[in-house]
Amino acid sequence: MSLNSAPIQKGTRVTVLTGAGVSAESGLFTFRDNGGLWEQYRFEEVATPDAFGRDPRLVWRFYKFRWENLGKASPNPAHYALVKLEASLGDTFTLITQNVDGLHQEAGSRNVIEMHGTLRRCYCVRCGQQFRTAKVNLHREVPRCTGCGGSLRPDIVWFGEMPFGLEAVNETLEHTRIFIVVGTSGTVYPAAQFLPLARSLGARTIGINLEPPQNVSWFDEFYRGRAGDILPELLKQWI
Ligand code: BV8
Ligand code: ZN
């Protein structure tokens, strides 16, 4: 594969956005690649507050399924390549992820904005108490709060809910000189807006994806393929 990407100087502000594709080689499902991720429901119809109000057991079945998969997954070379990039750049590096699997942090990434929350935390819808999912009794159809008995939900941003960290996201997009997007179909907002925004503010934009995503025309450089193969190769040229 002919990769030809200019080196990244120390002190350059670099922002990375990742999606489900960066965890695909860790064995986790993506959302739109392989048809129905599960049962007959469309993801956008189930990962919503209304769906949780209507049928919390169904929503918990979905998240327990994802949680079990997560238990068997570990970071892959794409996650480790981003740890290396952060180690080389230090505090001019920011990683924004749409993923809720926590694999970036497990690989060693430090400055991570989990804009869609995390599967590794839950909270009580009645009193707000937070719990580590690993410590929750998931044998109940709808896990309960040990404090007040209320229902727990994953600390995840569902459709129609406000993503986390948007202030920090906007700050980094305003100042970033290089914006790298890895493993996302560019179909979910507001994350899908970050690429055109960064480009319009003068950033050099680099895309790595198995298939050209919808917004591929916004990339100055686009590398088609598996993130686990391409990112380690690009790292050799960048640092
Ligand atoms: C909100 C948590 C108001 C759940 C998720 C316009 C503006 C604003 C909002 C909207 C808008 N239009 C529509 C909306 C509403 C909605 C939306 O975007 N709907 C879509 C369906 C059109 N957005 C919202 O509701 C958001 N909230 O808007 O609040 C607001 C508005 C503006 C500003 C502030 C507030 C909330 C969205 C969050 C929903 N929650 N996740 C969970 O994970 O269980 S989204 C879900 O999709 C995941 O987080 C996932 O990460 C994300 C995006 O999907 P991708 O990561 O891209 O995954 P996908 O499968 O699609 O693609 C994977 C890609 O990887 C593929 O391209 C594939 O080719 C590639 N790939 C596969 N293998 C590899 C690979 N690439 C490299 N290597 C490989 N090995
Ligand atoms: Zn409670």
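The values are calculated or read from the model by the stated rules, or taken from the named source; none is laboratory data. Here the structure is a predicted model, which is why all the values come from computation and not from measurement. Reconstructed Cβ throughout: ideal geometry from the backbone, glycine too, with neighbour counts over all protein chains shown.
Here P163 does not qualify as under 15 Å from the mean Cα position of the chain (by Cα), within 13 Å of ligand 1 (Cβ to nearest atom) and surrounded by fewer than 18 Cβ atoms within 10 Å (Cβ to Cβ).
Scanning the stretch 97-109 turns up at least one residue that is more than 12 Å from ligand 1 (Cβ to nearest atom), polar (S, T, N, Q) and under 30 Å from P7 (Cα atoms). Selection over the stretch 129-164 of residues that are of a type in the set (V, I, T) and either within 11 Å of ligand 2 (Cβ to nearest atom) or at pLDDT below 95 (or both) gives a count of 1. Of the strands (runs of 3 or more DSSP E) entirely within the stretch 165-239, those holding at least 1 residues that are of a type outside the set (K, R) and without any contact (Cβ under 8 Å) to a residue 60 or more places away in the chain occupy 204-209, 221-224.
Residue count for the stretch 1-49 under the criterion of being at pLDDT 95 or above, more than 19 Å from the chain's Cα centre (by Cα) and part of a helix (DSSP H, G or I): the result is 1.
Which one of Y63, Y80, Y123 is modelled with pLDDT of 95 or more, over 23 Å from L195 (Cβ atoms), in contact with a Leu (Cβ under 9 Å, 6 or more places away or on another chain) and part of a helix (DSSP H, G or I)? Testing whether each residue is modelled with pLDDT of 95 or more, over 23 Å from L195 (Cβ atoms), in contact with a Leu (Cβ under 9 Å, 6 or more places away or on another chain) and part of a helix (DSSP H, G or I) leaves just Y80. Scanning the stretch 140-171 for residues that are out of contact with any Gly (no Cβ under 8 Å at 6 or more places or on another chain), within 15 Å of Q98 (Cα to Cα) and of a type in the set (V, I, T) yields one hit, V169.
Selection of the stretch 115-139 for residues being more than 24 Å from Q98 (Cβ to Cβ), touching a residue at least 24 places away in the same chain (Cβ under 8 Å) and among the charged types (D, E, K, R) yields only R126. Please tell me if N209 is farther than 30 Å from R57 by Cβ, modelled with pLDDT of 95 or more and of a type outside the set (A, V, I, L, M, F, W, C). Yes: the conditions hold for N209. Is at least one residue of the stretch 140-149 touching a helix residue (DSSP H, G or I) at 6+ places or on another chain (Cβ under 6 Å) and touching a residue at least 12 places away in the same chain (Cβ under 8 Å)? So far as the stretch 140-149 goes, yes, one or more of its residues are touching a helix residue (DSSP H, G or I) at 6+ places or on another chain (Cβ under 6 Å) and touching a residue at least 12 places away in the same chain (Cβ under 8 Å). Could you tell me whether any residue of the stretch 113-128 is more than 30 Å from R57 (Cβ to Cβ) and either crowded, with 18+ Cβ neighbours inside 10 Å or away from ligand 2 (no atom under 16 Å from the Cβ) (or both)? There is at least one residue in the stretch 113-128 that is more than 30 Å from R57 (Cβ to Cβ) and either crowded, with 18+ Cβ neighbours inside 10 Å or away from ligand 2 (no atom under 16 Å from the Cβ) (or both).
If the condition is being within 23 Å of G53 (Cα to Cα) and either in a strand (DSSP E or B) or modelled with pLDDT under 95 (or both), then the stretch 105-120 contributes G117, T118, L119, R120.
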